[in-house]
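The values are calculated or read from the model by the stated rules, or taken from the named source; none is laboratory data. All values reported here derive from a predicted model rather than from experimental measurement. Backbone-built Cβ (ideal geometry, glycine too); neighbour counts: all protein chains shown. Note: areas computed on protein heavy atoms with side chains; ligands, DNA, RNA excluded. Shrake-Rupley method; radii C 1.70, N 1.55, O 1.52, S 1.80 Å.
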Amino acid sequence: MREDGVWRRFRVVKPPCEFQEEVPRPEILSYDFMTNSEMSGSSPFKMRLVHLDLKGAPPKVSYLSEVFPLFHALGANGLLLEYEDMFPYEGHLRLLRAKHAYSPPEIKEILHLAALNELEVIPLVQTFGHMEFVLKHEALAHLREVALFPNTLNPHEAESLALVGAMISQVMELHPGARWLHVGCDEVYYLGEGEASRRWLRQEHNTKARLCLSHMKAVACHVLARHPATTPLVWDDMLRAIPEDQLAASGVPQLVEPVLWDYGADLDIHGKALLMEKYRRCGFLRLWAASAFKGATGASQALTPIEHHLRNNVQWLQVAASGPADMLQGIVLTGWQRYDHFSVLCELLPVGIPSLAVCLQSLLHGGFTEDVKARVENFLGISSLEITDLMR
């Protein structure tokens, strides 16, 4: 590893060891990134957020102080912080916090470090699905949609909205002035399967889609009533299959901005453009995209397959070029640490830094080129960046 260039500033991302023997290099990439980066030169994404999934192996603040300058240098201008049990909840919510949760001064220091590096922070609070860290507690188990499973909140209970409202209030108290708040709402498994939902669904005109939209609307209204300058974001997967007329009539498009997520290496670019058009017709004014730089290729993945994630991000550039103009507010580069609260760890953040560097630089410059590759090698202080996934 060379010590010149910018390496001294970003020593934290240096791999822990080097191979004693030279690893054979494949001669041909299985995907021609140079040919498929036709819009090279500019980025269609005004906001480029790095997602920090703190529900597994959360970094120390001292580590974040070293990588935030790198994020900024690589082209990021924001962070999506998914705290889960790492947030220092207080009062009746104190049981939600992990033993090693950040303290309020540490949260303030993280926000200070982000501001120093021109990274706008968007906090994420799960409010519907992926509620395991909340509903695993016996004191809150009665708010589960299905008694056996702690992942989904019962949307019929008034106490459910009060619970997520209290969580949002505490998070927003430490994030004053946040322009956006992500309220999750993805993968709401078992929705409609609880006893209260079954009774509700037996009534005429009631559907799972209506139930989902009703809860999303209630959460969004709660946010906007107390924080009118803060726009709620939601993951879009629960919205995709809802008929246009239902979605348009729900009032949800006037309240939230959906984040369209897909972490695959072979995106249906035309299908994504059609989905964006559907959301536009339903009344959504702005949309976000979400790619992945790590944590999306296997629950127990140890090494980040850079080629997969580069393909994913380059194809999101193609989606942006194909969809309605000026609808995409930005892109979130997700970096999952666990698939859910009870899952094993996948790649840790330091392991994914080279992938993040490649993906961010490609998004910033509108594609992957030899120049982008050289920039990444300079940032990371390596003589040659291996893109091709050797293990398939």
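Would it be correct to say that R338 is surrounded by fewer than 21 Cβ atoms within 10 Å (Cβ to Cβ), without any contact (Cβ under 8 Å) to a residue 60 or more places away in the chain, within 18 Å of the chain's Cα centre (by Cα) and over 23 Å from I387 (Cβ atoms)?
The answer is no for R338.
Restricting to the range 352-374, and then to whatever is surrounded by fewer than 19 Cβ atoms within 10 Å (Cβ to Cβ) and in a helix (DSSP H, G or I), can you tell me which residue is nearest to the chain's Cα centre (by Cα)?
L364
Residues checked against (1) over 19 Å from F379 (Cβ atoms); (2) at pLDDT below 95; (3) of a type in the set (G, A, S); (4) in contact with a Gly (Cβ under 8 Å, 6 or more places away or on another chain):
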site	(1), (2), (3), (4)
P24	yes, yes, no, no
I28	yes, yes, no, no
L70	no, no, no, no
L81	yes, no, no, no
D85	yes, no, no, no
E90	yes, no, no, no
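Would you mention how many residues in the range 285-307 are closer than 19 Å to V332 by Cβ and open to solvent by 10 Å² or more (accessible area, probe 1.4 Å)?
6
Among the residues of the range 185-195, is any open to solvent by less than 20 Å² (accessible area, probe 1.4 Å), at pLDDT 95 or above and in a strand (DSSP E or B)?
no
Take the residues of the range 103-139 that are free of Cβ contacts under 8 Å to residues at least 40 places away in the same chain and touching a strand residue (DSSP E or B) at 6+ places or on another chain (Cβ under 9 Å): which is most open to solvent (accessible area, probe 1.4 Å)?
A115
Would you mention how many residues in the range 142-158 are in a helix (DSSP H, G or I) and surrounded by 13 or more Cβ atoms within 10 Å (Cβ to Cβ)?
Qualifying residue count, the range 142-158: 1.
So M238 passes all but one of these: (1) in contact (Cβ under 8 Å) with a residue 40 or more places away in the chain; (2) out of contact with any Asp or Glu (no Cβ under 8 Å at 6 or more places or on another chain). Which condition number does it fail?
For M238, the failing item is (2).
I'd like the full set of residues that are of a type outside the set (G, A, S), buried (at least 21 other Cβ atoms within 10 Å of the Cβ) and in a helix (DSSP H, G or I), limited to the range 316-332.
Once the filter is applied, which keeps residues that are of a type outside the set (G, A, S), buried (at least 21 other Cβ atoms within 10 Å of the Cβ) and in a helix (DSSP H, G or I), the range 316-332 yields W316, L317, V319.
I need the full set of residues from the range 259-284 which are part of a loop (DSSP other than H, G, I, E, B) and buried (at least 17 other Cβ atoms within 10 Å of the Cβ), in order please.
D262, Y263, A265, L267, F284
Can you tell me which residue in the range 55-81 is nearest to A178 (Cα to Cα), limited to those that are open to solvent by 10 Å² or more (accessible area, probe 1.4 Å) and within 16 Å of the chain's Cα centre (by Cα)?
So, considering only residues that are open to solvent by 10 Å² or more (accessible area, probe 1.4 Å) and within 16 Å of the chain's Cα centre (by Cα), the one nearest to A178 (Cα to Cα) is N77.
Which count do you get for residues in the range 92-102 that are assigned to a helix (DSSP H, G or I), touching a residue at least 40 places away in the same chain (Cβ under 8 Å) and surrounded by fewer than 17 Cβ atoms within 10 Å (Cβ to Cβ)?
2
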